[in-house]
């Protein structure tokens, strides 16, 4: 297992090095920072962005929008997923709603949000709308996949409802969510930034990306992309840490541990 993990890391590192080498070669061939900036100009652009007095306000507000929107999405998804599991009416009510959100183009959602909402709220709303179907369907499937024999056995032995929820339903939901939380948060961050690009709130990564584009500062765009990737990686590590923390506290059932 350790050898496999080490090999995966080596492959991942090699892939990243190849991307950097490819970037260096292509940027030198093109020799035009507007089309493809060099690594040096991108690093310089990154330095200018970080030295901006409003840098922490910019990334802070974007992170808060993405986290707040994600928490709202997750909370509503849990409630509606549980209700859909036990109510056929709610289940049938949610099907067209979730299908609509899943199939509607992102740009259409952003345009509608721009019409309906304040510019500061648009990115949060877009992130919520795009992630909710993923979280809802994951929670619902996790609950529907619970073995009925386990539930029947719990009833036979007169296990009280709170223990059934704690030992059967919650671990099942947690297992389902633990597989998609990192990717869902990454998608949420991307959608929030996409919303910011068009809604232009005062402090936002998307707003600054748009400014770099207006000034044809491609190195600045690349620098912001690096920052976004770093934030996404931070989310990934936080989610992995959270999952490990919950497992260590025996949140999962004994069988899963």
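The values are calculated or read from the model by the stated rules, or taken from the named source; none is laboratory data. Predicted, not measured: the structure shown is a model, and the values here were computed from it. Using ideal geometry, Cβ is built from the backbone for each residue, glycine included, and neighbour counts are taken over all protein chains shown.
When you scan segment 163-228 for helices (runs of 4 or more DSSP H) that lie fully inside it, which ones turn up with 3 or more residues that are modelled with pLDDT under 90 and under 16 Å from the mean Cα position of the chain (by Cα)? Write out each step before concluding.
Numbers: elements: 170-178, 181-199, 205-214.
In segment 163-228, the matching helices (runs of 4 or more DSSP H) lie at 170-178, 181-199.
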task = Out of the residues in segment 112-128 that are assigned to a helix (DSSP H, G or I) and free of Cβ contacts under 8 Å to residues at least 40 places away in the same chain, state the one that is surrounded by the most Cβ atoms within 10 Å (Cβ to Cβ).
result = 112
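Residue by residue, here is whether (1) modelled with pLDDT under 90; (2) under 22 Å from residue 182 (Cα atoms) holds:
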{"position": "15", "(1), (2)": "yes, yes"}
{"position": "36", "(1), (2)": "yes, no"}
{"position": "46", "(1), (2)": "no, no"}
{"position": "51", "(1), (2)": "no, no"}
{"position": "60", "(1), (2)": "no, yes"}
{"position": "72", "(1), (2)": "no, yes"}
{"position": "90", "(1), (2)": "no, no"}
{"position": "99", "(1), (2)": "yes, no"}
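Looking at segment 42-57, which of its residues are closer than 18 Å to residue 214 by Cβ and touching a helix residue (DSSP H, G or I) at 6+ places or on another chain (Cβ under 7 Å)?
At the first step, the residues of segment 42-57 found to be closer than 18 Å to residue 214 by Cβ are 45, 48-49, 52, 54.
Result: 45, 49.
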ask   = Among the numbered criteria (1) surrounded by 16 or more Cβ atoms within 10 Å (Cβ to Cβ); (2) closer than 20 Å to residue 176 by Cα, which single criterion is violated by residue 141?
value = (1)
query = Which residue pairs have Cβ atoms under 6 Å apart, sit 6 or more places apart or on different chains, and have a first residue in segment 184-199 that is assigned by TED's automatic domain parsing to the domain that holds residue 120 and closer than 17 Å to residue 64 by Cβ and a second that is modelled with pLDDT of 90 or more and outside any helix (DSSP H, G or I)?
reply = 196/204
key: Matching entry among 100, 89, 68, 56 (being touching a residue at least 40 places away in the same chain (Cβ under 8 Å), in a helix (DSSP H, G or I) and surrounded by fewer than 18 Cβ atoms within 10 Å (Cβ to Cβ))   = 68
ask   = Any residue in segment 121-139 that is farther than 29 Å from residue 49 by Cα and more than 20 Å from the chain's Cα centre (by Cα)?
value = no
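Looking at segment 71-86, which of the residues that are without any contact (Cβ under 8 Å) to a residue 12 or more places away in the chain and more than 20 Å from the chain's Cα centre (by Cα) is surrounded by the fewest Cβ atoms within 10 Å (Cβ to Cβ)? Working first, answer last.
Residues of segment 71-86 that are without any contact (Cβ under 8 Å) to a residue 12 or more places away in the chain, as a first pass: 71, 75, 79, 83, 86.
With the extra rule that they be more than 20 Å from the chain's Cα centre (by Cα), the set shrinks to 83, 86.
Values: 83: 15, 86: 9.
It comes out as 86.
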note = Residue hits (segment 129-145; more than 19 Å from residue 97 (Cβ to Cβ) and assigned to a helix (DSSP H, G or I)) are 142
